[in-house]
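Engineer: Questions regarding the structure given below will be posed in turn.
The values are calculated or read from the model by the stated rules, or taken from the named source; none is laboratory data. Because the structure is predicted, anything quoted here is derived from the model rather than measured. Positions of Cβ are generated from backbone atoms using ideal geometry, with glycine treated the same way; all protein chains shown enter the neighbour counts. Accessible surface is based on the protein model in full, side chains and every heavy atom, while ligands, DNA and RNA are left aside. Shrake-Rupley method; radii C 1.70, N 1.55, O 1.52, S 1.80 Å.
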Amino acid sequence: MTERDIAELVAAYKDAVKRIRAELLSLDLTDMSRANTESALREVARILTSLNEESAAWVTQYVPESAKAGVAQAIVGLGVAETVKDAEKIAKFNRINSNMVAAAVADTQADLLAVTQNIDRRTKAVVRRVTAESIRANLTAGINGRRTISRDILTGMRRELESAIDTGIVDADGRRWKPEVYVDMVTRTKTAEASREAAVNEAIGRGAYYGVISTHGATDACSKYEGMIVKLTPDAPGDYRYIGELPRREIFHPNCRHSVTPLREPARLEK
Ligand SMILES: [Zn+2]
């Protein structure tokens with residue numbers, strides 16, 4: 001998986017949001033009918049369905065691919081193969097990795113599906129509200145001697161429609177994300193996680209219970225973990241921290257690029 005693969009998926013979300021916005025703003029606010037509204041919402045649903053299909057295909061390809069890359073890295077790290085290319089030839093998922101990959105695919109799908117479901121829900125709610133407003137405004141337009149909906153009401157309705165797709169998504173920690181930024185983060189984070197976990201599972205399967213955290217000159221909280229030797233399983237002997245207990249706010253956080261290279265004998269690296 002490359003930067004371009006992520007960029008392509010992110011672009012698909014951006015494009016879908018743009019098309020939905022155009023669809024909503026093409027509604028004739030001065031004379032909305034239930035029929036027009038429903039046809040616009042059907043178009044929105046079509047855009048979202050095709051986006052869901054595209055992202056499902058993406059996840060099905062790149063999450064396993066990233067995990068496979070993790071397995072290959074572990075194989076090289078343990079000296080079983082000399083190059084990543086050679087390692088890729090023998091890399092396959094052991095049972096624990098097969099299960100992990102299936103779960104990671106499902107989990108990533110669910111995260112991405114939440115984005116389109118959120119857009120779908122918001123769009124429907126706002127469009128129906130604005131339609132009701134328009135119909136009501138037309139019914140009462142005669143009251144103040146005007147025959148059309150006032151400019152103020154139209155501006156308000158337009159603003160409401162725009163807000164439908166600008167709200168983004170709120171994650172489990174209460175942070176608000178724009179859809180495309182969230183998709184970028186989710187795909188980076190989940191593929192990195194799949195790769196890391198696959199490397200750990202492969203290492204343990206090959207009897208290696210330690211690892212060293214990668215170094216790329218991070219400037220965030222991760223920096224103090226670069227080059228740290230960790231245990232891949234809490235039961236491994238030695239005075240090393242267990243990888244599963246490192247604080248996620250500091251290392252292996254969203255968008256974190258750090259990986260783990262397995263080690264058989266940590267003492268040898270320490271020297
Ligand atoms: Zn990091």
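Engineer: Is it true that some residue in the stretch 181-190 is open to solvent by 50 Å² or more (accessible area, probe 1.4 Å), under 30 Å from D15 (Cβ atoms) and away from the ligand (no atom under 16 Å from the Cβ)?
Structural biologist: Yes, there is a match, as at least one residue in the stretch 181-190 is open to solvent by 50 Å² or more (accessible area, probe 1.4 Å), under 30 Å from D15 (Cβ atoms) and away from the ligand (no atom under 16 Å from the Cβ).
Engineer: Could you say which residue among R188, R151 is touching a Cys at 6+ places or on another chain (Cβ under 9 Å) and of a type in the set (D, E, K, R)?
Structural biologist: None of the others qualify; the one that does is R188.
Engineer: When you scan the stretch 248-258, do you find a residue that is surrounded by fewer than 21 Cβ atoms within 10 Å (Cβ to Cβ), under 17 Å from V115 (Cβ atoms) and not acidic (D, E), even just one?
Structural biologist: Checked the stretch 248-258: at least one residue is surrounded by fewer than 21 Cβ atoms within 10 Å (Cβ to Cβ), under 17 Å from V115 (Cβ atoms) and not acidic (D, E).
Engineer: Looking at the stretch 5-20, which of the residues that are open to solvent by 40 Å² or more (accessible area, probe 1.4 Å) and either small (G, A, S) or part of a loop (DSSP other than H, G, I, E, B) (or both) is farthest from A104 (Cα to Cα)?
Structural biologist: A11
Engineer: Within the group E23, E43, which residue is in a helix (DSSP H, G or I), surrounded by fewer than 18 Cβ atoms within 10 Å (Cβ to Cβ) and assigned by TED's automatic domain parsing to the domain that holds S150?
Structural biologist: Of the residues listed, the single one that is in a helix (DSSP H, G or I), surrounded by fewer than 18 Cβ atoms within 10 Å (Cβ to Cβ) and assigned by TED's automatic domain parsing to the domain that holds S150 is E43.
Engineer: Suppose the filter is among the acidic types (D, E) and within 12 Å of the ligand (Cβ to nearest atom); does E226 pass it?
Structural biologist: Judged against the criteria, E226 is a match.
Engineer: Also, I was wondering about something else. Determine which single condition N201 fails, assuming it passes every other condition in (1) in contact with a helix residue (DSSP H, G or I) (Cβ under 6 Å, 6 or more places away or on another chain); (2) closer than 30 Å to I20 by Cβ; (3) open to solvent by 20 Å² or more (accessible area, probe 1.4 Å); (4) not aliphatic (A, V, I, L, M).
Structural biologist: Condition (2) is where N201 drops out.
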